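J.: What follows is a structure written as C-alpha cells; I'll ask about it next.
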Amino acid sequence: MRTTPGYEKEDVQEKEQLQPKPVERRVAERRSGRERAAGFFRERPYAKWILLGLLLLIIGAGIFVWHYYSVRESTDDAQIDGHIDPISARISGMVLRVHADDNQFVKAGDLLVELDPKDYDIAVQRARADLADAEANAAAASVSIPLTTTTSSSQLTAANAAVKAAEKEVDAAQARVQEAQANYNKLEADLRRMESLVKKDEVSQQQYDAAVASATASRATLDAAQSAVATAQSRVAQANAQAASAGTVPEQIKVIRSRANAALAQVDRARSALAQAELNTQYAKIVAPVAGIVSKRNVEPGQVIQAGQPLLSIVNLDDLYVTANFKETQLKNTHPGQKVKFSVDAYGRDYNGTVESIGGATGARFSLLPPENATGNYVKVVQRIPVRIRIDKGQDPNHQLRPGMSVVPTVFVK
C-alpha cells in the first residue's frame, strides 16, 4: 500500500517529537522561555509592579482577616432574654373587674384586677371588735394587779398582827393560870390546916366550910385559866393558819401578773389579726409590681380564684439582656467586662452591650435528660456555655426588643 509524501513527513515529525530531546536542545528551550518572559517585562515595565501590588494586597488582606477574627468571638445561638413576672392572687375571692388585657403596656402601680372585698371588710370589723374586747380585758387585768397587791398585803399584815395578839393572849392566860395555881395551892394548904383545927374544935364549922368553898372556887378558877390557855393556843394556831394563807400573796400576785400578760398577748394577737384583715382588704386590688407588657391573661370577671392562682404575666422590657450560648472552645479569652456588639434579626441593626457573667455549667447539664457518658460509647461533643450580655442603656427607648428574639453577638476579646 502506497503512502503519500505528505503523510510520511508528518509521521517523521511525530516520531521526532516522541524521541527524547538532547540536553542542549532542552537548555536552549528554557533559555528562550526566560528570554520571552524578560522580553514581556521589558515590553511592559509596569506589569511587575502590578504583580507586586497584588501580592502585597493579598498579604495585607490575609493579615487583616486574621486580625479581625482573632479579636472577635461570635455565635448565632443567642437570643434576648428578660424577666417575666407572673402575677397571682394573694387571697381568694370573686373577680369583679379586670383592667388589663394581653399586649397592653402597664406602669408599675397600675390596677390590674379587682376582687370582691365584702368578706374581708366584715373580717376587718370582727377583728376590730376582738381587739376592743382584748384591750378591755387587758385593762381590767392591769387594774387588778395593784388592787390585789394592796388587799393581799393588808391581809398578810392583819394575819401577822393576829398571830402576835394570839400569842400575847396565850402568855396572859398562862400568867392567869400561874396566879390561879398559886391561889389554889394557898387555899389548899389552909384547908388542910383547918381540918386538923376543926377536929380539935379550935375553929368553927362555919369557918371550915368557908375554907372548903374558897378552895373549891380557887380550883375552878385554875381550871378556867387552864381552859383559857388552851383557847388562846387554838387562836394562835388559827392565826398562824391565816398568816400562812396570807403568805401566798407573792404567788397570787405572780398569777395575776401572768393573767395580765396573757391579756396583753391577746391584745397583740387581736392587733395582728386586724392588721392581717386590713392587708387582705388591700390585696383585693391587684396592682402591677413592674412596668411592662401584659401577657398570658388567664382571668375573667365573675371568676372565683384561689390564693396563689396565676392570673397573668408582665414582661419587663426595662431589664433585658442577651443569653449567648458560646462553644467551650470560644471562651478561652472571654471574661466579664468585655464589649459586645450584636445584631437583631428582626430589625437588622446593631446594639452595644457588655459581657456580664458566664454560666456556671453547660446547657446540657440543665436539660431534662442530662447526657450520661458512663456507657462506654463516648462521643466527644463540643459543649455550649451560656454567657449573659447586658444591653447598654438608652438604645431601646421605644421598647422594640422582646425576649426570645434571635441575635448574633460578637464579643471583642482583645
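J.: Between Ala265 and Ser88, what FRET efficiency follows from the Cβ-Cβ distance if R0 is 22 Å, with the result rounded to 0.05?
T.: Once rounded, the FRET efficiency stands at 0.05.
J.: Starting from 0.36 nm per residue, how many nanometres of slack lie between His399 and Ala361 once their C-alpha separation is accounted for?
T.: 10.6 nm
J.: Would you please put 394-404, 308-318, 324-334 in order of how densely packed they are, using the mean number of other Cβ atoms within 10 angstrom per residue and starting with the highest?
T.: Result, highest mean Cβ count within 10 Å first: 308-318, 324-334, 394-404.
J.: Now for a separate question. May I ask you to sort Ser196, Ser295 by Cβ crowding, counting other Cβ atoms within 10 Å and putting the fewest first?
T.: Ser196, Ser295
J.: Going by how many other Cβ atoms sit within 10 Å of their own, how do Met94, Met194 line up, fewest first?
T.: Met94, Met194
J.: What are the residues whose amide H is under 5 Å from the amide H of Ala291, where those residues sit 5 or more places off or on another chain and H is modelled from the backbone?
T.: Excluding prolines and chain starts, which carry no amide H, the hits are Ala108.
J.: Same structure, new question: What per residue convex hull volume, in Å³, comes out for segment 271-414 when only alpha-carbon positions are used?
T.: Spread over its residues, the Cα hull of segment 271-414 gives 234 Å³ apiece.
J.: If the limit is 21 Å between Cα atoms, which of Lys332/Lys380; Lys296/Lys341; Lys107/Lys285; Lys107/Lys393; Lys107/Lys341; Lys107/Lys296 go over it?
T.: Lys296/Lys341; Lys107/Lys341
Laboratory data are not the source of any read-out in this text; all were calculated from the coordinates shown. Model, not experiment: these values are computed from the prediction. Every residue, glycine among them, receives a Cβ derived from its backbone with ideal geometry; neighbour counts consider all protein chains shown.
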